[in-house]
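Worksheet for the structure shown next.
The values are calculated or read from the model by the stated rules, or taken from the named source; none is laboratory data. What you see is a predicted model; the values in this text were computed from it and never measured. Cβ placement follows ideal geometry from the backbone for every residue including glycine, while neighbour counts extend to all protein chains displayed. Quick note on the areas: whole protein, heavy atoms, side chains included, nothing else; ligands and nucleic acids left out. Shrake-Rupley method; radii C 1.70, N 1.55, O 1.52, S 1.80 Å.
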Amino acid sequence: MMFRNSAVILAFCLSLAAHGAAAARSGTPALEAVLQQGFPVQPEALSATTQALLHEYEQQKDIASLIFYSYGTLRMADHYAAMNDYVLASEYGKTGFFYLDEAADSHENTPQVRYLRARIDAYLPAKQGRCVIALADTDYLLKNRANFDNDILINILFMRYRALLSCGDTVGANTLLTQLKNRGPVAVKLLSLKSDASPAWDIGEITQIVVPLMKGE
C-alpha cells in the first residue's frame, strides 16, 4: 500500500499542479500525505494517520479519504496479526472491510471506487473469501472499460486473474492467463509477481483512479 516510487510521486504532483485551484481546494492533506509518503510503519504514527483520514472524510466527505482510511485500518489489522493479537487484528480487519464496502456500495456506479476495492480484494489470501467481491468489481470495471487506458485494463485483468485463482476457478484463470501473456510488458511484469504479492502502485492508478476521486469527478 506504499507510494514511495518517485515516478508515482512525480505524477501525483504534476496532476495537482495541472489542476491548480481545484486541487488546492481539495481539503485532503492527510490523503495527499499518504500518496506522497506512504503509510507510516510505526503503529502509533499509522494509527494517527488512519484517524486523520477518517476525520478528513467526516469533514470533507471525500470518498478517497474514506477508502484510504479503510486501507490504513487493514494495515493496523496486519500489524496486530503479526503481534499475535488476533482479537485486535480481527476488530481492525472487520472495520477496514466494513468501510471499504461502505464506500463501494454507496458509489457502486463510480468505476474508480470499485477499482480501489478490487485493488485490495484481488490480492487477499483465498481464506479471506473476498475473491467473489473482486470478481464482481472487475466484471463491472471491464464492462466500463472506456474509462481506462490499456495499462489500467491490464491491471484489471490481472486482478480478475488473481481473484479467479483464489475462488478456485482454474479454468477461468488459465483462460485469462493466456490473454495476459499476449498483452505486453505491463502484463509480463504483473505475471512475474509472487503468488502472495501485490503490485506496486503505478502512475496510471494515481492519475486515472485516485486524482479524479479527489477532484470529485
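Things to note:
- Cα-Cα over 28 Å, subset of Lys143/Lys189; Lys94/Lys181; Lys127/Lys194; Lys127/Lys215; Lys61/Lys94; Lys61/Lys189: Lys94/Lys181; Lys127/Lys215; Lys61/Lys189
- Compactness of the chain, taken as the C-alpha radius of gyration over 2.2 N^0.38 Å, stands at 0.99.
- To put it simply, the accessible area of the chain at a 1.4 Å probe is 53 percent carbon and sulfur.
- Accessible-area value, Tyr57, 1.4 Å probe, nucleic acids and ligands omitted, Å²: 60
- Label sites at Asp105 and Asn150, each approximated as a point 7 angstrom past Cα along Cα to Cβ, lie 3.9 nm apart.
- For Arg145, the solvent-accessible surface with a 1.4 Å probe is about 120 Å², rounded to the nearest 10.
- Accessible area per residue in Å² at 1.4 Å probe, computed on the chain: 49
- As a size descriptor, the averaged projected area of the C-alpha convex hull of segment 104-217 was calculated at 6.8 nm².
- Per residue, the chain reaches -22000 deg cm²/dmol at 222 nm when only DSSP H runs of four or more residues are counted, each adding -39500 (n - 2.57).
- Largest accessible area first, the listed residues Leu124, Leu164 line up as Leu124, Leu164 when surface is computed with a 1.4 Å probe on the assembled protein chains.
- Backbone amide hydrogens, once placed in the peptide plane, bring Gly38 within less than 5 Å of Phe3, excluding anything fewer than 5 places away on its chain.
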